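All remarks here apply to the structure that follows.
The values are calculated or read from the model by the stated rules, or taken from the named source; none is laboratory data. Model, not experiment: these values are computed from the prediction. Cβ sites come from the backbone with ideal geometry, for glycine too, and all protein chains shown count toward neighbours. Note: accessible area is taken over every heavy atom of the protein model, side chains too, but ligands, DNA and RNA are not part of it. Shrake-Rupley method; radii C 1.70, N 1.55, O 1.52, S 1.80 Å.
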Amino acid sequence: MSKHTVSRRAFLMGSAALSGAGLVRAANIKTRLWPGNRNDVQCGIIGYGPQGRDITATLARVPGAQVAAICDTYGPMLRRAQRDAPEATRHEDYREILNNPDIQAIIVATPTHLHRDIAVNALQAGKNVYCEAPMASSIEDAKAIARAARDATGQIFQVGQTYRSNPQHRSVFQFMRSGAIGKPAMARGQWHAKESWRRASPSADRVRELNWRLDPAITTGLIGEAALLQMDVAYWVLGELPASVHGFGQIMAWEDGREVPDTIQAIFEFPSGLHMMFDATLASSFDEAYEAYYGSDSTILFRDRGKAWMFKEVDAPMLGWEVYARTDRFYKETGIALLANATQLDAQNVDPTEDDPNVETPLWYALQEFMDNHAFGPYPPAANWERGLEATAVAITANQAIMERAQRDIDPASYTLG
Amino acid sequence: MQTVRMALNAMATRFEFLLHGDDAVLLRGAGEEALAEIKRLEQQLSFYDPTSEISQLNANASKEPVRVTPRLYSLLRKAAEIHNETHGAFDVTVGPLMRCWGFVRGRGTWPEEHERKEALTKTGMDKVVLNDAERTVAFRQPGMALDLGAIGKGYAIEEAGIFLREGGITSALLHGGTSTMLAIGTPPQNTDGWPIGISDPLDDSQMLTSTSIRDEALSVSAPRGKGFQKDGKMWGHVIDPRKGYPVQGATLSAVAHPSAMICDAISTALLAMRREDGKQVQQKFHGMRTLCVYDDAGATDLVSLEFHSTHPTNQ
């Protein structure tokens, strides 16, 4: 592995910064170094379902990354891999990729319950690992991965809680932590879609494997597979982890013999006394996904992968920059748009009230952080093994509460390796 | 035998699937995966979403070569090939001309001559540099932009068809906005294929003709719908990228071919082509059937090239 050698990219970025051109220039440098630079991080993708494909397509546009190998156990997925990344080698056994000394980074995008062996073996093989969220489907598995990540000093382990790397979320996080909503009152989130979660294949065995999200023995349910990234933002901006959760689950739309609820509600109780309610459904797509944080001065709404607005109470104090801000109408409410880099856009003569033309998806920023870590690190990423273990532990306990329609305390020991 | 219908709003149109099979749960499962793929392609190819790969490319490709994903690169290669085969009548760089004619958000307006000439300098697939080795795209002129609107819907339908077949679907009809459709197998009761009617470009309530498709796609284009009147003449919203004026070719074109993407592109190109050129293009694509309607001083002339012959059975 060449992680200790200074890559050409790192050198160029460093010299650009030294010359005073600043990081604004970094965006222009990236394409000149592509592709096939021998310093590009050689990545192996394990698991080529929808998430593996998204990651592959995104890595193709992240500076310093090269998708060199793809593994899946199902023929049609490997055929898709060939069309999406023709230069990558294809494998049915992930250990072939781990055994390849040229591969530096492993991206684990298999079904959740299969993460453990792959992530632990990859770390023990000396690879840097990006593991999709939830990290695992049992707390025991999550801890095994966390332990391997903690013990792999000098290696990178990042979990796919992508909003932690998103500049837009980071900006609103600072804003919330500065007390902009006043005294917090409560929080609420939702994830709504109209889809069955069923997957099809001409092979009956394959149908069973594909439908792991509907297998009560291994799934983390809607609260894990759909809501985890949004809930992770809550732990981050609130600065605390839930102490208990009360869950409800129903089958309201898809009466096809499933046991896993297609509609859930969970109420999380935080040590500060604040409660957050999250509901998720596969029965209705109305209003899709968002989170709202309600306070005495204002409410902040996150939606559309990191856009945010503030809705002020009439008696709230005036904020200095408010008069310049863009406002959007939401029926009878007026939201002040919270933009990550309004002043920077202004300096570039881009109207700050327009959508930022340079914005990328949260997954792109997360993978960019992972790649940058190869050049400048290793340092603990924003979504490190601790954040992964915490969010996974909450999701697993909440899913148990939902399946039991019960209240459950969350064992603080589940959040740490002790 | 069970039937599942599914729909999705994407790419400024409505996609619908009609799926037949033994198990409705599996039909829906396969359909959802295919719809999700269309949504993914919309996010990648959208001209209007600033985070789409196309928007990123358009924002940067006149400054420097931009590296794109292998799938988008091969789509652009295909678009360049079709551009060559149609002698420039199909062109995904037509955006600046569309804007200058007021068709991007409005009903259209006659531009000043200097505006039209200026837009022409920013149009032309020959001004797009595709570098196979680097997998990069660059524009020779500032102000150029790729808009895959004339090929995206067909591409999305074609990819959805691949997903449905992989999911075990053997009988299905897919369409996007009723103008591009793809047939998988045949309907349960009709081994000839899926019957498709084509309405008269001058009178929507009248059926012009019909055909049937089986393991084949069909696309219909017409410059009607959006346009404006000038000097007693109707000017429609399809621009001939070579001349920079609204098209003066066929008033309706229908193309059947195994590839939905090729159908979509060629049916648009035929609107900008004369009869003889249209025939030549049809001969370049193996297994293509076309139907064009030309307006001869008020009289309708219908040119069918194997359009009503039976579909190829060896697909």
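A few points about this structure:
- Here is the P(r) of region B:201-315: all C-alpha pair distances, binned every 10 Å from 0, give 14, 46, 31, 8, 1 in whole percents.
- Ellipticity at 222 nm from helices only: DSSP H runs of n ≥ 4 in the protein assembly as shown, each -39500 (n - 2.57), divided by the residue count, give -10000 deg cm²/dmol.
- Fluctuation leader among A:Tyr365, A:Tyr74, A:Tyr94 - chain A, Gaussian network, Cα springs under 10 angstrom: A:Tyr74
- Quotient of Cα Rg and 2.2 N^0.38 Å for chain B, N being how many residues it contains: 1.00
- Considering all different alpha carbon pairs of chain A, the Kirkwood hydrodynamic radius works out to 22.7 Å.
- Think of a 1.4 Å ball rolled over the protein heavy atoms: region A:215-291 then has 36 Å² of accessible area per residue.
- What region B:126-225 shows is 39 Å² of accessible area per residue, with the surface traced by a 1.4 Å probe over protein heavy atoms.
- Taking max minus min of the alpha-carbon positions on each principal axis, region A:57-182 gives extents of 54, 33, 27 Å, largest first.
- Cα-only radius of gyration and Dmax that characterise the protein assembly as shown, units Å: 27.2, 87
- Close amide H contacts of B:Ser199 (hydrogens built in the peptide plane, cut-off under 5 Å, sequence separation of 5 or more or a different chain): B:Leu208.
- The accessible area of A:Met176, taken with all protein chains in place and a 1.4 Å probe, comes to roughly 20 Å².
- With the highest mean first, a sort of the peptides A:124-135, B:21-32, A:237-248 on other beta-carbon atoms found within 10 angstrom per residue produces A:124-135, B:21-32, A:237-248.
- When only Cα pairs below 8 angstrom with a gap of at least 6 residues are kept, region B:244-315 shows a relative contact order of 33 percent.
- Karplus-derived 3J(HN,Hα), 6.51/-1.76/1.60, for each residue of region B:148-161, Hz, glycine and proline x: 8, x, 7, 9, x, 5, x, 4, 4, 5, 5, 5, 4, x
- Rounded to whole Hz, the Karplus (6.51, -1.76, 1.60) HN-Hα couplings of region A:305-312, x for glycine and proline: 6, x, 6, 9, 9, 10, 10, 8
- Residues in region B:48-69 occluded by at least 20 Å² - accessible area, probe radius 1.4 Å, against chain by itself: B:Pro50, B:Thr51, B:Glu53, B:Gln56, B:Glu64, B:Arg67, B:Thr69
- The spacing between region A:83-141 and region A:246-264, judged by their C-alpha centroids, is 31 Å.
- Across B:Lys117/B:Lys243; A:Lys312/A:Lys332; B:Lys78/B:Lys153; B:Lys39/B:Lys226, pairs whose alpha-carbon gap is larger than 18 Å: B:Lys39/B:Lys226
- Chains B and A together bury roughly 3000 Å² of accessible surface, counting both sides and using a 1.4 Å probe on protein heavy atoms.
- Within the accessible area of the protein assembly as shown (1.4 Å probe), percent carbon and sulfur: 50
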